[in-house]
Amino acid sequence: MRVKIRLEEPTIVSLGPTVEEAGWGTHQFPSINYDDDGNIGISFHSAKDQIEAYGTEPYLYISNDKGKTWNMVDSKDVHNVKTRFGTKLPNGERYLVETRTPVQTDTSRLNEPLPFHHDTLKYYSAESIPDDMLDKRWRYLILKKGQTVPGYSYFNYDDKGLCIVSSNGSLVPPFPFGRLRIDNEGTVWQTTYNRSRNPDNLGFSPYYNSQYFTFKDDYTYIYQRSWIPYTPDTRLFKNAFQTEGFCEADIAFLDDGSCITLMRTGSNTPSFLSRSTDKGYTWSKPVLFDDKGVWPCLCKLQCGVLLASYGRPGFYVRATADPTGLYWDAPVELITSNDRTSERNTPISIYNWTSRVGTCSYSDMMVLDENTAMVVYSDFFYPDEKGIKRKAILARKIHVDV
């Protein structure tokens, strides 16, 4: 059954610097959610996209009129206010993952790294790093029910096979890079990925592998329920050995009790879909979803339609009314995948990847009502009132009908 999609015109959440000024990083990677009062909050990256920027606060904008207008939160207030828009757990608390600042360390105390090298990155088995060198727990910023000031909680988790990243001589405190999701039974899921080791035999993979964790009912421990290892196969796409692996997974829980996951493999490389019929303990062999797909986001509407947003190059929304989540309608384009270099304010004669793609293609979605969602994304060439193209964060309503 084909889903009819109607897109409203986008509203401007924030206009930032120009691509010429900023390049890649700031005014990218947005997220969206409600707070308990029904206000909508959108946060997004405020610094360069690099490990050394971990721990910096995002920008935060809030709308109290259902997305018609947006107001910026003062930078000094962001830390306390942003958790109002974290994921709300069944116990009423709000959880938010933060990156943590890399820790300078005495590299002479480290064992030999695992067999992987990329620029300044090195990987070490977690158990080989002494506890006094690095806190290896996951840290969440948590806003308890009825409170206004958040606090940190540190969680032990099923870390068998965990690898720790080193960059420029600093160790990066591990954190889950993925969305928190709540399934139909109230179980809390955390998706993440890493260059990791097989939890069964500790065999190392130089590719990213998607991992799926669930919280203990009393939120005192986090278990690894499953993982999907990446195995290059040039029969699926020709550059299978030159990509990152399965990463940036999102998960959606369907009415029939099954769940599906979408996974990125890299920039300008395919995204893959897998389905589980046993509550995420095992997964079907991943199949091609599209020829692109960074940071895929899944959003299930109350009418039964499931939406996906993703891109690079370009930015797209796709829908399915299939109860299994396996068969999808054709994607709807929001931002072209064509080279956008000609849209720059100043001409350029050399290759510039940021100008060419014209968006980070990262996005997030939120349910508004039974048939409507709101998607937030970036556009690097959005004109201001003087016609100057600036990096923008945009919000747009998606209406569906089946």
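For the chain, what class follows from the C-alpha gyration tensor (a ≥ b ≥ c being the square roots of its eigenvalues): rounded when a/c is under 1.5, otherwise prolate if a/b is larger than b/c, else oblate?
Values: a/c = 1.25, a/b = 1.18, b/c = 1.06.
Because its axes are fairly even, with a/c under 1.5, the chain counts as rounded.
For the range 329-382, a crude dipole built from +1 on the beta carbon of Lys and Arg and -1 on the beta carbon of Asp and Glu, taken about the Cα centre, is about 460 debye to the nearest 20. Helical content of the chain, expressed as a calculated mean residue ellipticity at 222 nm, amounts to -500 deg cm²/dmol (DSSP H runs of 4 or more residues, -39,500 (n - 2.57) each, divided by residue number, nearest 500). Taking a Cβ cut-off of under 14 Å around Glu21, the surrounding Lys, Arg, Asp and Glu residues balance to a net charge of +3, with basic ones at +1 and acidic ones at -1.
Each residue in Cys360, Cys163 was given a count of other beta-carbon atoms within 10 angstrom of its own, and listing them fewest first yields Cys163, Cys360. Could you list, in their original order, any pairs among Lys238/Lys391; Lys82/Lys292; Lys82/Lys386; Lys48/Lys82 whose Cα atoms are separated by more than 24 Å? Distance filter (> 24 Å) returns Lys238/Lys391; Lys82/Lys292; Lys82/Lys386. For the range 164-258, applying the loop criterion from DSSP together with a ceiling of 10 other beta carbons within 10 Å to the trypsin sites (Lys or Arg not before Pro) yields Arg235, Lys238. Simple rule: put +1 on each Lys or Arg Cβ and -1 on each Asp or Glu Cβ in the chain, find the dipole, and look at Ala240, Phe85, Phe44; the Cα lying farthest toward the positive end is Ala240.
Please state the charge dipole magnitude for the range 4-401, taken about the Cα centre, from unit charges on C-beta atoms (+1 on K and R, -1 on D and E), reported in debye and rounded to the nearest 20.
Details: 44 positive and 50 negative charges, 77 e Å.
Charge dipole of the range 4-401: 360 debye, to the nearest 20.
What are the semi-axes of the equivalent ellipsoid for the range 50-138, taken as the square roots of 5 times the Cα gyration tensor eigenvalues, largest first, in whole Å?
Details: eigenvalues 271, 52, 29 Å².
Ellipsoid semi-axes (Å, largest first): 37, 16, 12.
Okay, which of the range 1-34 sit inside 15 Å, backbone N to the point 7 Å along the Cα-Cβ direction of Asp401? Output list for this probe position: 2-8. Judged by the mean number of other Cβ atoms found within 10 Å, the most tightly packed of the peptides 80-90, 11-21, 329-339 leads the ranking 80-90, 11-21, 329-339.
The separation of the range 201-237 from the range 94-147, counted between C-alpha centres, amounts to 18 Å.
Apply 1/(1 + (r/R0)^6) to the Cβ-Cβ distance of Asn352 and Glu185, taking R0 = 45 Å, and write down the FRET efficiency to the nearest 0.05. Can you show the working numbers first?
Working: r = 48 Å, r/R0 = 1.07.
Efficiency computed from Cβ-Cβ geometry: 0.40.
For a straight C-alpha distance cut-off of 17 angstrom, the aspartates and glutamates reachable from Lys4 (same-chain residues fewer than eight places away being disregarded) are Asp322, Asp329, Glu333, Asp369, Glu370, Asp401.
For Asp364, the amide hydrogen comes within under 5 Å of the amide hydrogens of Val376, counting only partners 5 or more places away or on other chains and with H modelled in the peptide plane.
Applying 1/(1 + (r/R0)^6) with r as the Cβ-Cβ distance of Gln147 and Lys216 and R0 = 35 angstrom yields a FRET efficiency of 0.95.
Remark: the range 206-218, residue by residue, has Karplus-estimated 3J(HN,Hα) of x, 9, 5, 10, 6, 10, 10, 10, 10, 7, 4, 4, 9 Hz, where x stands for each Gly or Pro and the curve is 6.51 cos²θ - 1.76 cosθ + 1.60 at θ = phi - 60°. Counting only Cβ charges, +1 for Lys and Arg and -1 for Asp and Glu, the dipole size of the range 56-115 around its Cα centre is about 320 debye. Of the residues Tyr230, Tyr221, Tyr362, the one that moves most in a GNM of the chain with alpha-carbon contacts below 10 Å is Tyr221.
The stretch between Arg100 and Leu288, if pulled fully straight at 0.36 nm per residue, gains 64.3 nm over its current Cα-Cα span. Shown for the range 175-277 is the translational diffusion coefficient from the Stokes-Einstein equation, using the Kirkwood radius over Cα pairs, a temperature of 37 °C and a viscosity of 0.692 mPa s: 228 µm²/s. Calculated FRET efficiency, Asp233 to Glu52, Cβ-Cβ distance, R0 = 35 Å: about 0.50 to the nearest 0.05. Ordering Thr18, Gly161, Tyr327 by Cα displacement along the dipole of the range 4-401 toward the positive end leaves Thr18 in first place; charges were set at the Cβ atoms of Lys, Arg (+1) and Asp, Glu (-1).
Readers should treat all values here as calculations from the given coordinates under stated rules, not as data from a laboratory. Bear in mind that the values here come from a model prediction, so they are computed numbers and not experimental data. Here Cβ is always computed from backbone atoms with ideal geometry, including for glycine, and neighbour counts include all displayed protein chains.
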